[in-house]
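First comes the structure, then the notes that go with it.
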Amino acid sequence: MSITTERLASLIQRELAQIVNLEVKDKSFGYINLTEVKVTKDMSYATIYYTILSDEVEVLEKAKNAIEESKVTIRMELAKKIRNIRKIPNLIFKYDEALAYGNHIDKILKTIK
């Protein structure tokens, strides 16, 4: 049975939403929200976009470091949850700047008003 990249991305996002917040040890930045998952056509890499509530540089850096430290454990837990594919893709975590950009635009609009 072949699984499409869209189905795999959806499955990874659903499973990782629970796994990431359990496995990341540093909770000083709060909850990590996964916004999107993109899987390459050969299903060897999955890019996971995430956001956190803070937009401070120090907090973003802490979150990035905590995710990178837990990446191997997160991938192993994902492999336990997803059994219908041969190889679990390598995970690439990227901060989704869309929310921060939207907040920035909102602040500008409020100051103009």
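The values are calculated or read from the model by the stated rules, or taken from the named source; none is laboratory data. For clarity, every value in this text was computed on a predicted model and none was experimentally measured. Reconstructed Cβ throughout: ideal geometry from the backbone, glycine too, with neighbour counts over all protein chains shown.
Among the hydroxyl-bearing types (Ser, Thr, Tyr) and over 11 Å from the mean Cα position of the chain (by Cα) - does that describe any residue in the stretch 86-95?
no
Pick from the stretch 21-36 the residues that are surrounded by 18 or more Cβ atoms within 10 Å (Cβ to Cβ) and either aromatic (Phe, Trp, Tyr) or at pLDDT 90 or above (or both): which of them is farthest from ILE52 (Cα to Cα)?
LEU34
Exactly one of these conditions fails for ILE74: (1) surrounded by fewer than 12 Cβ atoms within 10 Å (Cβ to Cβ); (2) under 23 Å from ASN21 (Cβ atoms); (3) not acidic (Asp, Glu). Give me its number.
(1)
Those residues that are among the charged types (D, E, K, R), free of Cβ contacts under 8 Å to residues at least 40 places away in the same chain and surrounded by 11 or more Cβ atoms within 10 Å (Cβ to Cβ), I need them from the stretch 91-113; list them, please.
GLU97
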